[in-house]
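Input: a single structure, listed below in structure tokens.
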Amino acid sequence: MRQLRFAALLAASTMLLVAAVDPHVAIPHRQDGMKTMGRTFKGVIDQLKTSSPDAQAVKLGSAQLAQLAKQVPGWFPAGSGPDTGVKTAVKPAVWTNPGDFHAKAAALASAADALAAGAARSSDPATLMPLVRQVGGACKACHDAYKNPDH
Amino acid sequence: MAAEAGGARIRVWDLPTRIVHWAIVLLIPYSWWTATHDQLDRHRLSGYTLLGLILFRLIWGFAGSAPSRFTSFIRGPRAVLRYLRGTDGPARPGHNPIGGWSVVAMLLAIAAQIGLGLFAVDEDGLESGPLSYLVSFDTSRALALIHHKLFWVIVGLAALHVCAILFYLARGRNLTPAMITGRARAEGDAEAPVLAPLRRAVVAAIVAAAIAWFVASGLKF
């Protein structure tokens, strides 16, 4: 009985959470987050492309990117999919295939952590570019599976 | 037409112009294929090669053989109208007044496409043109989206070009062999145009390749 009451409470609160998701807020929030990640990542890459990268900028940017990467799963609440009327490139597979989606998000988080750890020690492009490619590959793996291309 | 068919065969398109033409024909589909199959290293290389070819063609438009020079084939609206009415007089070797503008449109579109690609970045921030570090992520993305759209404008211009070739073919003039062999039958008593010496093409190619290399390296030595 107690378990049943708990399950009912859990179901009700989940429904409340879903109902509380406003796609007009959640979708722009996700898009802003993704664009911030893109800007941050590009800032790091631009530094690494120069002959003498700014070590502080590389370190800070990589740390910010690692923080942002951890937020990615939270940017995909149920109710922020493609069927809300708000324009979004997200595919419904995010919610029909959550195991794989969260695995890919976790892969991004760990790749970004590895880059941040590397950037904390060095700003040498030869050392960091392989880590950058890992992060970019994680972005791409998820986009290929869960995002429609931009038009 | 019958009288023209009996004209002497003269050299119209020099070797450099033909090489540039057919290299573009090969590299545009190759660029598209590599871009859509995640082979951005090859896509960039193809773009740099096209950059060199277009730069060469620009130089050749001022310093090349007579039919390849812009001054010989960029004609005003009156000449275009006269050509459409069939009162432009006997055709000179090379592009006709409409074909000349088609060449200008294609060269401009390809040049713009290369320029956009140099500044573009993909949505993952990883694959980027060598000059993308000069602009913000948002600008870079906006340029990338125009880069995607402009491709279809180039496809449209190329389709128009092929349609024009087919149109003349249907009217009994096959223009393609001239772009392969360089020779065409002279219309009327047209004189053979003056062709530029090959050594001048070598110099132009070296200059074009050097500029393309410099741009591809991100404007850094």
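The values are calculated or read from the model by the stated rules, or taken from the named source; none is laboratory data. Please read all numbers here as calculations on a predicted model, not as lab measurements. Heads up, the Cβs are rebuilt from the backbone with ideal geometry, glycines too, and the neighbour counts pull from every protein chain shown.
Only one entry of B:PRO93, B:PRO77 meets the criterion of being touching a strand residue (DSSP E or B) at 6+ places or on another chain (Cβ under 9 Å) and either farther than 27 Å from B:ALA209 by Cα or not hydroxyl-bearing (Ser, Thr, Tyr) (or both), and that entry is B:PRO93. Has region B:119-136 got at least one residue that is closer than 16 Å to B:LEU45 by Cα, modelled with pLDDT of 95 or more, part of a helix (DSSP H, G or I) and not hydroxyl-bearing (Ser, Thr, Tyr)? Taking every residue of region B:119-136 in turn, at least one turns out to be closer than 16 Å to B:LEU45 by Cα, modelled with pLDDT of 95 or more, part of a helix (DSSP H, G or I) and not hydroxyl-bearing (Ser, Thr, Tyr).
For region B:201-221, which residues satisfy the criterion of being within 14 Å of chain A (Cβ to nearest Cβ) and either in a helix (DSSP H, G or I) or in contact with a Lys or Arg (Cβ under 6 Å, 6 or more places away or on another chain) (or both)? Selection gives B:ALA216 alone. Filtering region B:3-42 to residues that are charged (D, E, K, R) and either part of a helix (DSSP H, G or I) or in contact with a Leu (Cβ under 8 Å, 6 or more places away or on another chain) (or both) leaves B:GLU4, B:ARG11, B:ASP14, B:ARG18, B:ASP41, B:ARG42.
Please verify whether region B:3-16 includes one or more residues that are out of contact with any strand residue (DSSP E or B) (no Cβ under 9 Å at 6 or more places or on another chain), small (Gly, Ala, Ser), under 24 Å from B:GLY100 (Cα atoms) and touching a residue at least 24 places away in the same chain (Cβ under 8 Å). No, region B:3-16 contains no residue that is out of contact with any strand residue (DSSP E or B) (no Cβ under 9 Å at 6 or more places or on another chain), small (Gly, Ala, Ser), under 24 Å from B:GLY100 (Cα atoms) and touching a residue at least 24 places away in the same chain (Cβ under 8 Å).
Results for (1) within 14 Å of another protein chain (Cβ to nearest Cβ); (2) surrounded by fewer than 18 Cβ atoms within 10 Å (Cβ to Cβ), shown as yes or no for each residue.
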position: B:ASN96; (1), (2): no, no
position: B:VAL104; (1), (2): no, yes
position: B:ILE114; (1), (2): no, no
position: B:ASP122; (1), (2): yes, no
position: B:LEU126; (1), (2): yes, no
position: B:SER132; (1), (2): yes, no
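Being touching a Pro at 6+ places or on another chain (Cβ under 7 Å), modelled with pLDDT of 95 or more and either surrounded by 11 or more Cβ atoms within 10 Å (Cβ to Cβ) or among the charged types (D, E, K, R) (or both) holds for only one residue in B:ALA201, B:ALA208, and it is B:ALA201.
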